Each structure stands twice: as C-alpha cells, then as structure tokens.
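J.: Quick one: the structure is below, questions incoming.
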Amino acid sequence: MSILELEAGHLGALTGELRKLPAFVRRDFLVAWSYRMSFVSDLVNLAGQIVVFYFIGQLVDPSRFPTVGGSAVTYLEFAAVGIALGVFIQFGLDRVSAAMRGEQLMGTLESVLMTPTAPATVQLGSVAFDLIYIPLRTAVFLGGITLAFGLNFSAGGIIPALLLLIAFIPFVWGLGVLTAAALLTFRRGSGFVGLGAVVVGLLSGVYFPLDLLPGWLSGIAAGNPVALTIDGMRDALLGGASLVDIAPTLALLVPFSAASLALGLGSFRLAVRRERRRGTLGLY
Amino acid sequence: MSAVSAPSSDVARSRAAVRVLEDTSTIEARALVQRFGTKVVLDSLSFEVQPSTIHALLGPNGAGKTTLIRILAGLLVPSGGTVQILGVAAGSSRSFRRLIGLLPSGDRSFYLRISGIENLVFFARLHGMRRREAARRAREVLEEVGLEDAATTRVAFYSHGMQKRLSVARALLADPPILLIDEATHDLDPDGARRVRELVAAAAGRGTAVVWATQRLDEIRGFADRVTLLAEGRAAFAGTVPELMATAVPRRYLLRLRNGLPVRYSLESAGRSALGSLGTLELVGESSSEHYVLALADEVVLGDALAALSRVSIDVLTCREERSEIEQAFLALAGKSE
C-alpha cells in the first residue's frame with residue numbers, strides 16, 4: 001500500500017468519524033428539547049443575573065474604575081464580559097465533564113463504546129451540542145444586556161472577541177475532558193468543577209480588576225488563560241481592540257488551549273483503558 | 001483484499017471481514033484467565049464458536065458467564081489468555097467492534113427521553129451509516145422485532161419486554177457476524193422470552209454466531225446447538241445439548257401410586273419394606289396420598305425398584321424424573337447435586 005493510499009485511508013477514517021458528530025448533536029438536542037422547562041428556566045436565570053449586576057453596578061463609583069483601551073467603562077460593562085465568559089467556562093466545564101458521567105449513569109456508555117467509534121469522537125460528540133449551544137447562550141446574554149441597559153459594546157471588536165473565544169474553547173474543553181476522566185476514574189468529581197469555579201471567580205478578573213488582588217496573587221492571575229481571555233475580550237468589546245491588538249493574547253492562548261486539550265484527551269483515553277482493564281466501564 | 005469492494009460504511013467493512021475470513025473459526029478463546037483481586041473468576045477457559053451456531057453459556061450465578069461475555073465484547077481486558085474473533089484480537093479497536101452485536105443484561109442502555117427509532121438511528125450512525133441509510137435500517141430492524149408501531153414512542157414508555165426487543169434490534173443494526181447475549185430473557189415473561197429467542201435463532205439462521213449466556217435450563221433445549229457449562233470459572237462440560245443430557249444419571253423419580261393392598265396395610269410402609277435397600281419412598285406433601293418421590297440407591301436400576309413395588313400389589317400409575325435431564329446434568333456438573 002502506497003503512502004498516498006495510506007493517507008487516503010486515514011482521511012477516509014477521519015471523515016467517517018466526523019460524519020458521526022451530527023448524530024450526537026441531534027441526540028442531545030432531542031434530549032434537551034424533551035426538557036423544555038429547563039430551557040426556559042435557563043433564560044430566566046440569565047436575565048436574573050443581568051438585573052442583579054445592574055444594581056450592584058449602581059454601588060460602584062465609575063471614577064474609581066480602570067479604563068479599557070483608553071475608554072472609561074461602567075461596572076456593568078466590565079462585569080458583563082467577565083460574567084459572560086465566566087458562565088461560559090462554568091457551564092462548559094460542567095457540561096463537558098457531566099456528559100460522560102451522564103452516559104455512565106444512563107447505562108449507555110458501554111453501548112456507545114461498543115460501536116466502531118473512536119473514543120475521541122465519542123468525547124467530542126458528547127459535547128458537540130453544548131459547543132454550539134453555550135456560545136449561542138453567551139451571545140444571547142451579551143445581546144440581552146446590551147439591549148436592556150444600552151451598553152457601549154464596540155461592533156468592531158466582535159470579530160476579535162469571537163476569535164479569542166474560538167481559541168479559548170479547546171482550553172475549557174480540555175479541562176472538561178480532564179474532569180470527565182477524573183469522574184470516570186473516581187466516580188465523584190464535583191471537587192474538580194468546584195476548583196474550576198474558584199479559579200474563575202477569584203483569579204480571572206470576572207467580577208473585579210486583578211490589580212485589587214495582593215501582588216503575588218495578581219502575578220499568578222495575570223498568567224491565567226481565563227484572565228488573559230477575559231482581558232482580551234474586554235479590550236475587544238469595550239475598548240475596540242483590533243485583530244492586531246489581540247494577536248499577542250492569541251499567541252499566548254493557543255499553546256495553553258492545545259496543551260489543555262491534549263492533556264484532557266490523553267487522560268480520558270487512559271481512563272477508558274483503565275476501566276476496560278478493570279471491567280468497570282459501566283459501573284457508577 | 002482485492003475481493004473486497006470499497007466499503008461505504010463500517011457495516012460494509014464488517015461484512016467484508018466475514019467474507020474474507022469465512023474459513024476461520026468465528027470465536028476462538030484460549031486459556032482465558034480473569035482475576036478480580038485474589039478471586040479467580042475464569043480459570044484457563046478455552047472454547048470456540050462456529051458460524052450459524054447458538055452456543056449457550058450455562059452456569060449458576062457467579063460462574064463467570066457475564067465476565068466471559070464482557071471479555072468477548074472487548075469491554076474487559078482478561079488477566080490472561082487470548083480471544084480472536086474472525087482472526088481479529090479482542091480489544092477496543094474499531095475493526096474488532098464492527099464484528100460484535102451485544103445484548104447487555106442490564107435494562108438501562110437506551111436514551112429514555114427519545115424515541116425508539118431515534119435511539120436506533122443514533123446507534124446506526126455510530127456504525128458509520130449515513131442519516132438516510134440509518135433511518136431505513138432502523139425501520140427495518142424495528143419491524144423485524146415487531147416494534148414498528150412503537151417506533152416514535154419514547155423508550156421511557158416501553159415495557160421491559162419491548163426494551164429487550166429494542167436491544168435485539170440495536171444488536172442487529174449493523175448485521176454483525178457475532179451476537180453476544182447476556183441473560184436476555186431472565187426477567188421476561190414466557191411469550192417475551194420466546195420472541196427474543198426466535199429473533200436470535202433467525203439471526204443464527206442467517207449465519208450469525210451467537211453466544212447466549214443463561215441460567216435458564218429450559219430454554220436451551222431445542223434452541224442451543226452447543227453448550228459450555230461453566231462452574232467456578234472452568235468449563236465443566238462442552239458439547240451438544242443431547243450430550244449434556246446424556247451425562248445426567250437420574251436417581252429421583254416422581255411416582256403416582258395406587259394402593260392395591262388390603263385396606264389395613266398402609267401403602268407407604270408396605271412400599272418401604274418392599275423396596276428395602278433398593279431405595280427410599282417418601283410422600284410428597286400432606287394433601288396427596290398417591291404422589292411419592294422414589295430415590296434410588298447407588299447402582300440400583302429403576303426397573304428393579306418398580307418391580308419390587310408391583311410384587312406387593314402397589315400399582316405404579318405414572319413415573320417421571322423429578323428433574324429434567326438438563327437440570328440434573330447442570331446440578332451434577334456445577335457441583336450442586338443433592
């Protein structure tokens with residue numbers, strides 16, 4: 001078999017695997033749609049958060065607030081971007097890690113893994129619906145806040161912000177898969193998600209500027225990919241940063257994302273292999 | 001490989017694999033060992049399954065049936081030994097999983113919030129079928145298992161028997177050369193169990209090799225072609241069902257007796273003294289005065305015992321073995337005989 005034939009074979013296998021992803025999206029959409037009330041309560045929850053932060057914003061003196069890209073911003077504008085991404089991370093971590101656990105609890109994990117589908121496809125497929133739904137949800141959140149409170153988001157910053165988000169998705173996905181691997185191995189892993197929540201809440205600048213942290217903690221937080229992304233998105237959406245302006249942030253973010261995804265998928269593969277060896281794949 | 005046309009899906013590849021490897025044994029397990037901690041669940045177990053054969057794995061609880069099924073399915077890596085399925089080593093490779101259809105023993109292996117047909121379309125697509133082909137195949141197998149009228153009903157509303165049939169439908173989706181079935185009928189009513197057996201027998205008729213793990217002795221007679229009886233992780237017996245029955249040495253019989261003696265003699269005491277050292281006679285229950293269990297002593301044949309009873313004017317109206325031959329063989333070979 002020539003190298004070309006071998007490559008064509010690999011390409012064919014990859015295409016075959018990618019063709020399976022819409023099946024996962026359809027399955028999860030149908031399952032989610034069967035819980036219609038959950039959709040509605042999720043949107044009500046989002047609206048509630050917006051209102052809460054609007055009133056908190058009334059307590060903060062705008063003059064004490066840092067500028068973004070040379071422009072003064074309100075607390076609500078500052079927090080809205082952070083919260084949008086924070087909720088995106090929290091929701092993403094939770095859903096990605098819960099996807100495999102859900103399969104295990106429903107008893108469908110072994111049936112899925114019995115099909116000729118690569119574990120990576122199963123993992124990606126299990127979150128494919130969320131990878132579409134969560135950014136849409138985030139966009140609805142930001143759109144809603146802009147319409148309701150007349151916030152000053154820069155239209156020119158939308159594309160750079162989207163690019164940052166796309167570069168950031170593998171980072172969240174990787175952490176989620178890592179958590180899924182931990183859940184598969186230890187069965188209980190809410191602590192991992194809780195740790196993620198602490199990092200997002202404290203060291204990422206979601207709710208307050210990182211300058212307010214003690215010096216040593218502020219230094220650590222500055223290297224946090226979550227903080228980098230939130231800063232970059234604020235620069236883009238509130239300060240009108242261009243693609244060139246966010247390029248350094250992207251250059252820092254991409255290796256983090258690649259490492260996170262590789263670590264997550266590698267751990268997940270090891271976790272599945274361990275479960276097969278122990279015969280406990282379907283055990284919950 | 002030139003004989004194999006370019007496959008359009010995983011299903012086509014599994015069929016191609018069967019065509020290419022049709023001369024080899026379908027399943028070959030060699031010296032399988034499985035330990036969980038210090039407990040040895042399978043101990044140097046070897047067996048083979050041929051195409052178009054229903055191979056029953058019989059054994060009491062804890063004999064190792066489910067463990068063996070899980071090893072054959074590639075869900076468990078054995079501590080020792082090898083499994084080859086159509087020449088492919090058991091494991092997690094996609095080429096291996098194309099060959100297997102599994103009916104798990106658990107009753108939760110579907111997405112309960114979506115319909116039966118949507119479940120099947122999903123699994124068909126994971127087998128590499130395109131959406132239209134998957135939908136067509138899902139409808140086909142639903143019809144085959146008699147669930148076409150419940151196709152669009154959520155699985156949550158299926159009865160237990162319907163879920164089992166849906167499980168059969170899923171296992172048949174990709175028309176695999178091997179079906180592994182773990183206790184498929186243990187909690188079904190007789191009609192539901194019969195329907196599942198008919199579906200599996202039909203698949204075997206089309207060339208599928210079936211491994212059917214069960215502890216229900218009654219269902220393997222007239223259904224399984226071969227049987228491996230597992231006891232404490234070892235093959236206590238391997239052969240055909242008639243060969244298994246031939247190993248049974250019945251020692252206990254249910255008799256219906258009529259007292260032809262003068263009224264003052266009790267049938268029970270007269271029977272016991274007539275039998276002497278040939279065996280024992282015990283009344284069954286308290287409500288009946290004519291049903292007895294005859295237990296033969298070692299080396300005694302049934303005819304001698306019945307003749308002894310006749311000699312004292314006890315009429316033997318009916319005589320049958322207390323347990324079926326399969327049950328006796330099972331109990332004897334599994335080391336559970338009384």
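The values are calculated or read from the model by the stated rules, or taken from the named source; none is laboratory data. Quick caveat, the model's predicted, so the values are computed rather than measured. Note that each Cβ is placed from the backbone with ideal geometry, even for glycine, and that neighbours are counted across all protein chains shown.
J.: Condition check: within 30 Å of A:Y35 (Cβ to Cβ), more than 9 Å from chain A (Cβ to nearest Cβ) and either part of a strand (DSSP E or B) or among the β-branched types (V, I, T) (or both). Does B:I69 satisfy that?
T.: Here the answer is no, as B:I69 does not meet what is asked.
J.: Return the residues of the range A:230-251 that are over 21 Å from the mean Cα position of the chain (by Cα), aliphatic (A, V, I, L, M) and surrounded by fewer than 19 Cβ atoms within 10 Å (Cβ to Cβ); say none if nothing qualifies.
T.: Across the range A:230-251, the qualifying residues are A:L243, A:V244.
J.: Do we have any residue at all in the range B:129-146 that's under 25 Å from B:T26 (Cβ atoms), within 14 Å of chain A (Cβ to nearest Cβ), surrounded by 22 or more Cβ atoms within 10 Å (Cβ to Cβ) and touching a Ser or Thr at 6+ places or on another chain (Cβ under 9 Å)?
T.: Looking through the range B:129-146, at least one residue is under 25 Å from B:T26 (Cβ atoms), within 14 Å of chain A (Cβ to nearest Cβ), surrounded by 22 or more Cβ atoms within 10 Å (Cβ to Cβ) and touching a Ser or Thr at 6+ places or on another chain (Cβ under 9 Å).
J.: Could you please find all residues in the range A:138-168 being among the hydrophobic types (A, V, I, L, M, F, W, C), surrounded by fewer than 18 Cβ atoms within 10 Å (Cβ to Cβ) and part of a helix (DSSP H, G or I)? Spell out the reasoning first.
T.: At the first step, the residues of the range A:138-168 found to be among the hydrophobic types (A, V, I, L, M, F, W, C) are A:139-142, A:145, A:147-149, A:151, A:153, A:155, A:158-159, A:161-168.
Still in the running and surrounded by fewer than 18 Cβ atoms within 10 Å (Cβ to Cβ): A:139-140, A:147-149, A:151, A:155, A:158-159, A:162, A:166.
Selection gives A:A139, A:V140, A:L147, A:A148, A:F149, A:A155, A:I158, A:I159, A:L162, A:I166.
J.: Next question, about the same structure. Somewhere in the range B:170-181, is a residue within 20 Å of B:V210 (Cα to Cα), within 12 Å of chain A (Cβ to nearest Cβ) and in a helix (DSSP H, G or I)?
T.: yes
J.: Pairs, please: C-beta under 6 Å, at least 6 apart or cross-chain, first residue at the interface with chain A (Cβ under 9 Å from one of its Cβ atoms) and among the small types (G, A, S) and in the range B:75-100, second crowded, with 16+ Cβ neighbours inside 10 Å and assigned to a loop (DSSP other than H, G, I, E, B)?
T.: B:G91/B:G74; B:S92/B:G74
J.: Only one of B:T208, B:T214 is under 20 Å from B:P177 (Cα atoms) and among the polar types (S, T, N, Q). Can you tell me which? Even if it seems obvious, please write down each step before you answer.
T.: Numbers: B:T214 fails: under 20 Å from B:P177 (Cα atoms).
The match here is B:T208.
The rows are residues; the columns are (1) farther than 17 Å from A:V68 by Cβ; (2) in a loop (DSSP other than H, G, I, E, B).
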residue	(1), (2)
A:F208	no, yes
A:D231	no, no
A:D235	no, no
A:G239	no, yes
A:A247	yes, no
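J.: Under the condition of being among the acidic types (D, E) and in contact (Cβ under 8 Å) with a residue 40 or more places away in the chain, which residue from the range A:57-109 is farthest from A:L162 (Cα to Cα)?
T.: Applying the first criterion (among the acidic types (D, E)) to the range A:57-109 yields A:61, A:77, A:94, A:103.
In the following step, the residues that additionally are in contact (Cβ under 8 Å) with a residue 40 or more places away in the chain were identified as A:77, A:94.
Values: A:E77: 17, A:D94: 22 Å.
For the range A:57-109, the residue satisfying everything is A:D94.
J.: Conditions: (1) touching a strand residue (DSSP E or B) at 6+ places or on another chain (Cβ under 7 Å); (2) more than 14 Å from chain B (Cβ to nearest Cβ). A:A98 meets all but one. Number of the miss?
T.: So the condition that A:A98 fails would be (1).
J.: Something else now. Out of B:T214, B:T247, I need the residue that is of a type in the set (V, I, T) and touching a Ser or Thr at 6+ places or on another chain (Cβ under 8 Å). Which one?
T.: One residue alone meets the criteria, B:T214.
J.: May I ask you to verify whether A:F91 is under 18 Å from the mean Cα position of the chain (by Cα), of a type in the set (F, W, Y) and surrounded by 14 or more Cβ atoms within 10 Å (Cβ to Cβ)?
T.: So A:F91 fits the description; yes.
J.: With out of contact with any helix residue (DSSP H, G or I) (no Cβ under 8 Å at 6 or more places or on another chain), within 23 Å of A:D235 (Cβ to Cβ) and more than 14 Å from every other protein chain (Cβ to nearest Cβ) as the only criterion, which of A:T74, A:T67 stands out?
T.: On inspection, the qualifying residue turns out to be A:T67.
J.: Further question on the same structure: Is one or more of the residues making up the range A:130-137 under 30 Å from B:A174 (Cα atoms), buried (at least 20 other Cβ atoms within 10 Å of the Cβ) and within 14 Å of another protein chain (Cβ to nearest Cβ)?
T.: Among the residues of the range A:130-137, not one is under 30 Å from B:A174 (Cα atoms), buried (at least 20 other Cβ atoms within 10 Å of the Cβ) and within 14 Å of another protein chain (Cβ to nearest Cβ), which makes the answer no.
J.: Specify the residue that is modelled with the lowest pLDDT; the eligible residues are those in the range B:86-108 that are among the hydroxyl-bearing types (S, T, Y) and in contact with a strand residue (DSSP E or B) (Cβ under 9 Å, 6 or more places away or on another chain).
T.: Checking each candidate, the answer is B:S105.
J.: May I ask you to list the residues in the range A:18-38 that are within 20 Å of B:M129 (Cα to Cα) and at the interface with chain B (Cβ under 9 Å from one of its Cβ atoms)?
T.: Matches in the range A:18-38: A:R19, A:K20, A:P22, A:A23, A:F24, A:R26, A:R27, A:L30.
J.: Which condition breaks for B:S159 when tested against (1) over 20 Å from A:V112 (Cα atoms); (2) under 19 Å from the mean Cα position of the chain (by Cα)?
T.: Every listed condition holds for B:S159 apart from (2).
J.: Exactly one of these conditions fails for A:P116: (1) under 29 Å from A:L178 (Cβ atoms); (2) part of a helix (DSSP H, G or I). Give me its number.
T.: Condition not satisfied by A:P116: (2).
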